[in-house]
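Input: a single structure, listed below in structure tokens.
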Amino acid sequence: MFAKVKSMGLLGVDGFMVDVEADLSQGLPGFDVVGLPGAAVKESRDRVRAAMKNSGFAYPVSRITVNLAPADIRKEGSVYDLPLLLALLKASGQLTADVSGCAFVGELSLTGEVRGVPGVLPMVIAARENGMQCAFIPAENAAEGAVVDGIRVYPVPTLPALLEHLVGLSAIPPLQPVEFQPGQDPGAPDFVDVMGQTAARRALEIAAAGSHNILLIGPPGSGKSMLAKRLPSILPDMTRQEALETTKLHSIAGALPGGVGLLSSRPFRSPHHNISAPGLAGGGSVPHPGEVSLAHNGVLFLDELPEFSRQAMECLRQPLEDHKVTISRVSASLSYPCSFMLVAAMNPCPCGYFGHPTRSCTCSAAAAQRYLARVSGPLLDRIDLHIEVPPVEFEQLASKTPGESSASIRQRVNRARAVQQARFSGTGLLCNSQIPAHLLKTLCPLTDGAQALLKNAFERMGLSARAYDRLLKVSRTIADLAGEDVIDSVHVAEAVQYRSLDRKYWEAR
């Protein structure tokens, strides 16, 4: 006998429909799964067999052949346990309910419990787009499923509960779509705790307003990490589309917190410096998102930048330019979005005290040069703002006057982002850092004084074409924060000062 049940799979950030076809025929008992199954899919045979027996069903003693179509796309994970078992029940005549228009995913325990699986959100979206009326997902993934409207989504706790629903004995109530509410992590640290560091705070405000990459350079204990960890508290609210894109990536990677539907705050990823290049950019025999993709629409913080391997740092160059990373393997070539803010922090030398006002640097010129050379020129060129974080003076630390709060800074950032959203309406752009080269002249008008200052800075500092473009984008963001439509010389002057530290450190030795 033959039966077919609909399921879903993942290909990159998108889901696709899978037909789980089961055929029972005469011959020696056996259980074969075809259609490019991965190791976890092959192990489904044992889980399905035990779940059927422990749920009170008869395991068919026949020649069992299961095909996962389309057969030219590799199937990975344990998501096919549930549809595979249902296909066997229908093929053996133990289930007569009509399941047309329904799609199923879920991992089975040996007792029939339905366990959560990664990637439910993009799979349910694919089911809706392919005309499915119902999607049955694990109860653990209920929050993800509730995000998708236009399709009835049922949270399944156990196999018996699902079968009772299908035959009409006891209905599982469908999930109600949840309205997206953007917000900030209530536990995020606040800028009110930061004493002094006026210049660094200003640079981080500009970076947040235009989603610019930033490098913090300073001695140990000056507050570089403290400042970076407070950046999420001043980032603008995510739109629903941004939240959907970010949540899909976290769902695919299995990194979505339990009970969370859509991520309401921007991600902040801070990998350790021993991370490999595939861990940062993504990879594996079956390509999975890396840290750059998990930071999509948020922040990627690399503390102690020179301590990262050269290969890991250099793999950032293409994602920083293209806002996507393509991972090619024998089994597939997949692209993941990675539009993120790079925030990096580093010491100016191995001992950390080069240029310190009170402590002497103990590094030789050669050792300091080798340390700085770990950060390549092309990577440095892709960082929009370079800011020095000097040591904090005692009077600032002992001051009883609190610093400006994140809420106050965030209001200015949101106003600047609102200006950008109005400017980029209908273009697909979200912020100034994404302005393509062919639109720079149109979207970044300069006064005569600003044009002359920019020309002088370009020639005297020996800027590259990429650095020129980034300088113009930062000037545009500074003008937006000031509420100006046209970029003036004062805006360009401030932007230029954020490109000077590479001359102090990289060329001073």
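The values are calculated or read from the model by the stated rules, or taken from the named source; none is laboratory data. What you see is a predicted model, and the numbers here were worked out from it, not measured in a lab. All Cβ positions, even for glycine, are placed from backbone atoms using ideal geometry, and neighbour counts span all protein chains on display. The protein model used for the area step is the full one, side chains on, heavy atoms only, and it has no ligands, DNA or RNA in it. Shrake-Rupley method; radii C 1.70, N 1.55, O 1.52, S 1.80 Å.
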If we ask which residues in the range 452-476 are surrounded by 18 or more Cβ atoms within 10 Å (Cβ to Cβ), part of a loop (DSSP other than H, G, I, E, B) and of a type in the set (Ser, Thr, Tyr), their number turns out to be 0
Scope the range 190-200; condition surrounded by fewer than 21 Cβ atoms within 10 Å (Cβ to Cβ) and more than 23 Å from residue 359 (Cα to Cα); matching residues | 190, 192, 193
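Could you list, in sequence order, all residues of the range 12-30 that are more than 29 Å from residue 129 (Cβ to Cβ) and either touching a residue at least 40 places away in the same chain (Cβ under 8 Å) or in a strand (DSSP E or B) (or both)? Before the answer, list the steps.
Residues of the range 12-30 more than 29 Å from residue 129 (Cβ to Cβ): 24-30.
Those that are more than 29 Å from residue 129 (Cβ to Cβ) and either touching a residue at least 40 places away in the same chain (Cβ under 8 Å) or in a strand (DSSP E or B) (or both): 24, 25, 30.
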Every pair of residues 6+ apart whose Cβ atoms lie under 8 Å, when the first sits in the range 389-410 and is closer than 23 Å to residue 215 by Cβ while the second is of a type in the set (Asp, Glu) and open to solvent by less than 40 Å² (accessible area, probe 1.4 Å) | 409/205
Examine the range 204-221 for a residue that is hydroxyl-bearing (Ser, Thr, Tyr), modelled with pLDDT under 90 and farther than 19 Å from residue 334 by Cβ, and state whether such a residue exists.
-> no
Residue 158 passes all but one of the listed conditions (1) over 28 Å from the mean Cα position of the chain (by Cα); (2) open to solvent by 60 Å² or more (accessible area, probe 1.4 Å); (3) of a type in the set (S, T, N, Q); the exception is number (2)
Residues of the range 220-240 that turn out to be more than 30 Å from residue 12 (Cβ to Cβ), open to solvent by less than 10 Å² (accessible area, probe 1.4 Å) and in a loop (DSSP other than H, G, I, E, B), as a count = 1
Considering the range 400-451 alone, what residues qualify as being of a type in the set (S, T, N, Q), more than 25 Å from the chain's Cα centre (by Cα) and open to solvent by 80 Å² or more (accessible area, probe 1.4 Å)?
-> 401, 442, 451
Just give me the residues in the range 31-47 being charged (D, E, K, R) and in a loop (DSSP other than H, G, I, E, B), in sequence order.
-> 43
Return a yes/no flag: does the range 341-350 have any residue that is polar (S, T, N, Q), within 20 Å of residue 470 (Cβ to Cβ) and outside any helix (DSSP H, G or I).
-> no
Name the pairs: first residue in the range 212-230 and over 26 Å from residue 467 (Cα atoms), second residue assigned to a helix (DSSP H, G or I), Cβ to Cβ under 7 Å, at least 6 apart or on different chains?
-> 230/191; 230/406
Unmet criterion (only one of (1) at pLDDT 90 or above; (2) surrounded by fewer than 19 Cβ atoms within 10 Å (Cβ to Cβ); (3) more than 18 Å from residue 204 (Cα to Cα)) for residue 250 | (2)
Residues satisfying the stated conditions in the range 64-94, i.e. of a type in the set (D, E, K, R), without any contact (Cβ under 8 Å) to a residue 40 or more places away in the chain and open to solvent by 30 Å² or more (accessible area, probe 1.4 Å) | 72
If the Cβ limit is 7 Å and pairs must be 6+ apart or interchain, which residue in the range 294-307 that is in a loop (DSSP other than H, G, I, E, B) pairs with which residue that is of a type in the set (Asp, Glu)?
-> 296/245; 297/242; 297/245
Within the bounds of the range 372-393, is there any residue that is in a helix (DSSP H, G or I), more than 25 Å from the chain's Cα centre (by Cα) and at pLDDT 90 or above?
-> no
Using the structure shown, decide if residue 374 is closer than 30 Å to residue 473 by Cα and charged (D, E, K, R).
-> yes
Assuming residue 342 fulfils every condition listed in (1) closer than 19 Å to residue 500 by Cα; (2) more than 24 Å from the chain's Cα centre (by Cα); (3) hydrophobic (A, V, I, L, M, F, W, C) apart from one, which condition is it?
-> (2)
Residue 7 fails exactly one of the following numbered conditions: (1) open to solvent by 20 Å² or more (accessible area, probe 1.4 Å); (2) modelled with pLDDT of 95 or more. What is the number of that condition?
-> (1)
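Return the residue satisfying two criteria in turn: it lies in the range 256-295 and is among the small types (Gly, Ala, Ser) and either on the phi > 0 side of the Ramachandran plot or within 10 Å of the chain's Cα centre (by Cα) (or both), and of such residues it is surrounded by the fewest Cβ atoms within 10 Å (Cβ to Cβ).
259
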Report yes if some residue within the range 356-366 is assigned to a helix (DSSP H, G or I), over 21 Å from residue 287 (Cβ atoms) and either modelled with pLDDT under 90 or not β-branched (Val, Ile, Thr) (or both); otherwise report no.
-> yes
Check residue 175 against each of (1) surrounded by fewer than 16 Cβ atoms within 10 Å (Cβ to Cβ); (2) in contact with a Gly (Cβ under 8 Å, 6 or more places away or on another chain) and name the one condition it does not meet.
-> (1)
May I ask you to say which residue of 209, 243 is touching a Ser or Thr at 6+ places or on another chain (Cβ under 8 Å), farther than 29 Å from residue 380 by Cβ and surrounded by 17 or more Cβ atoms within 10 Å (Cβ to Cβ)?
-> 243
Taking the range 316-333 and keeping residues more than 22 Å from residue 469 (Cβ to Cβ), surrounded by fewer than 21 Cβ atoms within 10 Å (Cβ to Cβ) and not basic (Lys, Arg) leaves 326, 328, 330, 331, 332, 333
